[in-house]
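All remarks here apply to the structure that follows.
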Amino acid sequence: MKSTKTLLALSLLLLGVAVAGPANNSLVVGTSQEPPNIYDPWQTNNLAITSEINGYMGASLVSKDNAGDLYADIATTVPTLANGGYKLTKNAAGDVTSNSVTYSIRKDAKWSDGSAITPKDFQFWLKVEQDDRVPVPSRDPWDKAKITVNDADTFTITYNPPYLFADQVSPGLAPSASMASAWNSFDSATAKLDSKTSGKAINDAWVKFISAFTTANNLPKVVAGPFRPTQWRSGNSLTMTRNPNYWRTPKGGADKYVQTVQYRFIPNTNTLKVNVLSGQIDALSAVGPTFDQGLDLQRSERGKYKTYFVPSATWEHIDINGFSNVQKVKDLDLDDKRVRQALLYSIDRAALTKALFQGKQPVSNTFVNPIAKLYKKDAKAYDFDPAKAKALFADAGWKPGADGILAKNGKKFSLNFTTTAGNATRERVQQILQAQWKAVGVDVNIQNYPSSVVFAQDFIGGGSNGKWDMLMYAWTADPSLEKGNLFSSTQIPTAANGFAGQDEPGWKNAEYDKLWTQAGTEFDLAARVKLFDRMQTIWADEVPSLPLYFRVNVYTKVPNLLNYTFSAYSLYPSWDAYEIGWSSKGAAEVNTQK
Amino acid sequence: MATYTLRRILQMIPLLLVISLIIYALTALQPGDPVDQLTLGNSQITPADIARLRAAYGLDQPIFLRYFYWLVQALHGDFGWSRSFSQPAFQYVFQNRLPNTLLLTVPALILALLVAVPLGIYSAVRQYSLPDYVLTFLSFLAFSTPVFWLGPMVLWLFAIYLPGITNGVISLPPGGLGSPDLDPTTASTWAIIADKIKYLILPLCVLAFREIAVILRFMRANMLEVLSQDYVRTARAKGLPGGVVVYKHALRNAIIPIITLLGLAIPGLFGGAVITETVFSWPGMGRVILEGLVNKDFNVVLAALTFIALLTLIFSLLADLAYAAVDPRIRYD
């Protein structure tokens, strides 16, 4: 009998029968990336896949839903000015000098080992986050935060100087009890080391500490979210199972919803596509196929799965080198706004997005995401107008030569156009734009490099050294935390600051800078909207970068799968992990993909 | 022979040092570093943050100093930390990835030999016959078929088209190392082996495909050369049966150059498996090099490439020694 069963199991395996899906109330997700570690409370790597997977195992005081509205998770309520949870402290002149948010922890909020989540866990997290020895990429805004415990379940986090988005973000938490001993070992081992001269030795000690809790060999021992990790086969898959100690219960009971989630790591996106088509995976992660592959998948759906194109917070654009110290910039008048405007009028972005992206990636007119509250709807649009482009070029002294190419003072209007080599979508965009610019007399020479070259700080930040003339790439920013940093002159990369800073075109505008400084301390949303309105007007008039479109994220899911959704606010389908389920298993639909 | 072997082993030490320096320089001098990845898209990051992170990762030191520290550590068996995989680079490459590559490459090589050697002999013995033309055509086809194309085509065929036609009877998994549903702690050994075989079949065949063509062409050429030699003609003239002439007299000499080919094929397979492993999501050494380069995880790349360099030196020595063992005309003393 046993041998018959073994034979049957063997046959089923050899025949490749897929067992994923509603049959055993599990979910199989395919992704092209594997995280280096998971549930690192201090997020010392900034990979999207890490954030997505952490979503299943993590919990937060408050979080954002698909609409960008805050909801309470560990906290009892969302602190606001109206309910007194969020407070602004002002001086006599009415300027905000500090701000604070008070959180009450739910009585039933527990770690996966059953112990209560307390203010100590937030204090421990903040202490480590602020520690000079810990390699967090950026400590903003936590470097100016302080936690005061009010009682066993309530604490206040105060920002001094004030933090503009204090009510929009909440501090992290770490299981202080289970990490205490390892942290103390790290602390004593590195206490006498100078973080400036012994950086590597300190980092090695840090790695030893954090690796004991976050890796494939040392799975997180205690987590707070709806799922806990149970198996990680490095290079292959990661399995998480439902955490019985998680406090929020989906409609009808947790047993009606997905019980295990498996991530399959498939680095080649074509192979990932084959996995979707062959029904091996139930859904794709937000970190997966390219846009073109998404279109292919959509064409082959046949009712087996559905493809979604979710507007993201990623802005595709072309920076124009505006550093006047660069001879070529001077020669081509790239530091003259008329020339930049003419370059924008010369290209038909609406036709481009329609042809390449079926209109799914809408044209952008400013650097602010259209879903953000700060977005200026009526910003100057620069609709395709070659006649206007030619007039602006002529205004700046550029006249067509015998070969049709614009010329001035014996110099031809010929510039290099760079992007990440091998990115098929960008390379196609380049070719279309090159042809459109040629039609108005602009000679564009495509000069691409691998992304490792383009995104090396000394290249992307090397505008002042004339490393590039026009550079096409993308930025991602949370639309609810928009600060306008990308174009503040304080962010211009130069040799003096080690080419750090994100104002890659080197654009400097005194009025924009003034408004940006004001907006950085303007706590009234309506007033900030006004400031950003003017900032976008200036920016759209000056066009330091040519805005192209906001990208979409592609993913698929089988029709029966519910509440596997996300937006540019919630970012990953794991944001609502506790409610992901199969309709055939009795799960109720609470979120639909928009 | 012993003196020769010892001399070759001693020569390997400076050679390996030079190779490691070149590998280190090539990886360290490429544009970008791990800090660039952390800073990209993070508009909050400040120049002070960047300087702090570079110091923490030891990237603020001059390249020769970094190489020196790395070399000293490597000589103690410590190849540094892998940032992408959050474990020691040596441990990750050799414990996690090397067994997978061996599982893929060794059977691929054995399969290639089992198929290519008899076909090469057959092709040579029946030179200019129809089967010879067919095998020549197929081997050139295999030569010119890039793995990055063949891999996805095989995936599509076995994962999508065939199951569609056969109602799922013939289907093989589209990539991966094994069924994530299979719990190795509870599943039977047979179930684990069967599962592994299921995932191994497609990448193994794709990897062996080109090797078959290489060995087949090599075997055919060697065999033709040997068959035209005087001693073979003499053997035939003496009236020995064709099979004895070919398999007893000619084959022994024709197969000697294959030893050199194999000596270099084994380390070559480790590097050559990059695309196969990537297409089939097979977590092996080839993929680790690619992922390491993409993620700027240089410690992993250095550990893997140094190992391949060492393997190349060792197998080229073994090939030379094997040459002497099988060919009485070669003496190293």
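The values are calculated or read from the model by the stated rules, or taken from the named source; none is laboratory data. In this text, all values refer to a predicted model and were calculated from it rather than measured experimentally. No Cβ is skipped: glycine too gets one built from the backbone with ideal geometry, and neighbour counts run over all protein chains shown. Only protein heavy atoms, including side chains, enter the accessible area calculation; ligands, DNA and RNA are left aside. Shrake-Rupley method; radii C 1.70, N 1.55, O 1.52, S 1.80 Å.
A few points about this structure:
- Distance-filtered residues of segment A:381-408 - backbone nitrogen under 18 Å, label point 7 angstrom along A:ALA351 Cα→Cβ: A:382-391
- Backbone N under 15 Å from the A:THR89 label point (7 Å along Cα→Cβ), restricted to segment A:113-132: none
- Cα centroid of segment A:48-123 to Cα centroid of segment A:424-503, whole Å: 36
- Relative to the Cα centre, the charge distribution of the protein assembly as shown, modelled as +1 at Lys and Arg Cβ and -1 at Asp and Glu Cβ, gives a dipole magnitude of about 1980 debye.
- Just so you know, the averaged projected area of the alpha carbon convex hull for segment B:1-97 sits at 8.4 nm².
- Calculated FRET efficiency for the pair A:ARG338/B:THR46, C-beta based, R₀ 35 Å, to 0.05: 0.50
- Per-residue shielding of A:222-234, expressed as the average number of other chain Cβ atoms within 10 Å of the residue Cβ, stands at 2.
- Cα-Cα over 21 Å, subset of A:LYS360/A:LYS530; A:LYS390/A:LYS438; A:LYS144/A:LYS376; A:LYS354/A:LYS530; A:LYS354/A:LYS483: A:LYS360/A:LYS530; A:LYS144/A:LYS376; A:LYS354/A:LYS530; A:LYS354/A:LYS483
- Interface residues of segment A:495-527, defined as those losing at least 40 Å² of solvent-accessible heavy-atom surface relative to the isolated chain (probe radius 1.4 Å), are listed as A:ALA500, A:GLN502.
- Semi-axis lengths (Å, descending) of the ellipsoid that matches the C-alpha gyration tensor of segment A:527-594: 39, 14, 8
- For the residue pairs A:LYS273/A:LYS467; A:LYS90/A:LYS373; A:LYS196/A:LYS467, the C-alpha atoms sit more than 27 angstrom apart in A:LYS273/A:LYS467; A:LYS196/A:LYS467.
- The angle separating the long axis of helix A:176-190 from the principal Cα axis of greatest extent in chain A is about 60 degrees.
- Ranking B:PRO118, A:GLN259, A:GLY279 by how far each Cα lies toward the positive end of the dipole of the protein assembly as shown (charges on Cβ) leaves B:PRO118 at the top.
- Lysines whose Cα lies under 24 Å from that of A:LYS585, excluding same-chain neighbours fewer than 8 positions away: A:LYS251, A:LYS256, A:LYS304, A:LYS306, A:LYS557, A:LYS594
- Note on segment A:453-565: the C-alpha convex hull projects to 10.1 nm² when averaged across all orientations.
- Gain in span if fully extended, B:TYR69 to B:LEU17, counting 0.36 nm per residue against the direct Cα distance: 17.4 nm
- Label sites at A:THR290 and B:ARG126, each approximated as a point 7 angstrom past Cα along Cα to Cβ, lie 4.5 nm apart.
- Label-point gap, in nm, between B:THR136 and A:THR249 - each point 7 angstrom along Cα→Cβ: 7.8
- Accessible heavy-atom area order of B:HIS249, A:HIS317, highest first, probe of 1.4 Å: B:HIS249, A:HIS317
- In a DSSP loop and with at most 14 other Cβ atoms within 10 Å, the trypsin sites (Lys or Arg not before Pro) in segment A:375-455 are A:LYS377.
- With the simple spin-label model, which puts each label point 7 Å out from Cα in the Cβ direction, the B:LYS238 to A:ALA424 separation comes to 6.3 nm.
- Rounded to the nearest 500, the helix-only mean residue ellipticity at 222 nm of the protein assembly as shown stands at -13500 deg cm²/dmol, with each DSSP H run of n ≥ 4 adding -39,500 (n - 2.57).
- Residues B:VAL72, A:VAL207, A:VAL429 ordered from highest to lowest accessible area at a 1.4 Å probe: B:VAL72, A:VAL207, A:VAL429.
- Size descriptor, Kirkwood hydrodynamic radius, that averages inverse alpha-carbon separations across segment B:53-184, Å: 20.2
- Of all segments of chain A bounded by GluC sites (Glu not before Pro) found in a DSSP loop with no more than 14 other C-beta atoms within 10 Å, the longest spans A:1-300.
- Amide N of segment B:49-79 lying under 20 Å from the label point, which is placed 7 angstrom from the Cα of B:LEU310 along Cα→Cβ: B:67-79
- Low-density loop positions, trypsin sites (Lys or Arg not before Pro), segment A:274-365 - DSSP coil, at most 10 other Cβ in 10 Å: A:ARG302
- Protein heavy-atom accessible surface, 1.4 Å probe, per residue over the protein assembly as shown: 42 Å².
- Leaving ligands and nucleic acids aside, the A/B contact buries around 5100 square angstrom of accessible area in total at a 1.4 Å probe radius.
- Here the gap between B:LYS248 and B:ILE170, fully extended at 0.36 nm per residue and compared with their Cα-Cα distance, gives a gain of 23.9 nm.
- Length gained when the stretch A:ALA526-A:ASP378 is fully extended (0.36 nm per residue, less Cα-Cα span): 51.6 nm
- Seen from A:LYS273, the other residues with C-beta closer than 11 Å to its C-beta sum to a net charge of -2, counting Lys and Arg as +1 and Asp and Glu as -1.
- DSSP-assigned coil residues among trypsin sites (Lys or Arg not before Pro) in segment B:206-311, each with at most 16 further Cβ atoms within 10 Å: B:LYS238
- Calculated over the protein assembly as shown: convex hull of Cα atoms, volume per residue (Å³): 222
- Separation between Cα centres of segment B:85-113 and segment B:158-208, rounded to whole Å: 19
- Cα centre as origin, Lys/Arg/Asp/Glu Cβ charges: segment A:331-412 dipole, Debye: 260
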